[in-house]
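The values are calculated or read from the model by the stated rules, or taken from the named source; none is laboratory data. Please read these numbers as outputs of a predicted model, since none were measured by experiment. Virtual Cβ from ideal backbone geometry, glycine too; neighbours counted across all protein chains shown. We work out accessible area using only protein heavy atoms, side chains counted, and drop any ligands, DNA or RNA first. Shrake-Rupley method; radii C 1.70, N 1.55, O 1.52, S 1.80 Å.
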Amino acid sequence: MEEKNDLIETNFSGLKPFVQSKKTTLEQKIADHKAWLQTLNREYPNENHPFKVAVYIRYFNQTKHENYLDVEKQDMLDRIESYPQWEFKGFYVDTGAKAPAMEKAPEWCRLLEDCQNGKVDLIITRKVSSVSSDMMELIFLARYFASLKHPVGMYFISEDIFTLASYYRDDGKDRNNFFPSPDWKMLPDDEDIKGLIE
């Protein structure tokens, strides 16, 4: 008769394994994030408003595509072209896996100047951490853009956040209320997921 080892669980009772791979943990975080997004009210940039649209990209070739930047640009163009009232104003591309301080991102600085000069009133980017990893900096940016003579909105595709949505008008004054919930967290930086998406 086989001896039972009390240290090994052989009954798959639905308990989480003690050791999880980084990929499994990340996949679960993403799944949880997507499920949570479904619980939120949504407002998007109006497809009938004649937005002057800029696309901001933080380029870090972390994917299986050798021509990631070309693929990303084409994806963004395809999205924008589906809105006939929108006018595409150009790509602004900074490099690096993580967003540096704003003043060290030359293309972001050029985009800010174009927003101030009324050349752009909608910025589309892949995710929040492409712009900044500092939540207070992001809140400042959103408030600043909203206060311009011709307000500028930022739309973050992955997190599905539009900074000119009506539910941000008052909440922009409070860090705890600016993001969709007090426990809201940014998606991981590109360098943290590099090995998981190849």
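Starting from the Cα of residue 93, step 7 Å toward the Cβ, then list every residue of the stretch 27-59 with an amide N under 16 Å from that point. Under cut-off, by backbone N: 54-59. Per-atom-type breakdown for the stretch 28-130 gives carbon and sulfur 46% of the accessible area (1.4 Å probe, protein chains only). Across all Cα atoms of the stretch 26-126, the radius of gyration (one decimal) and Dmax (whole number) stand at 15.5, 43 Å. Under a plain spin-label model, where a point goes 7 Å from the Cα along Cα-to-Cβ, how far apart in nm are residue 147 and residue 77? Computed distance between label sites residue 147 and residue 77 equals 3.7 nm. The residue 48 and residue 28 beta-carbon pair, evaluated with R₀ = 45 Å, returns a calculated FRET efficiency of approximately 0.70. Highest mean first, the peptides 143-153, 86-96 sorted by other C-beta atoms within 10 Å per residue fall in the order 86-96, 143-153.
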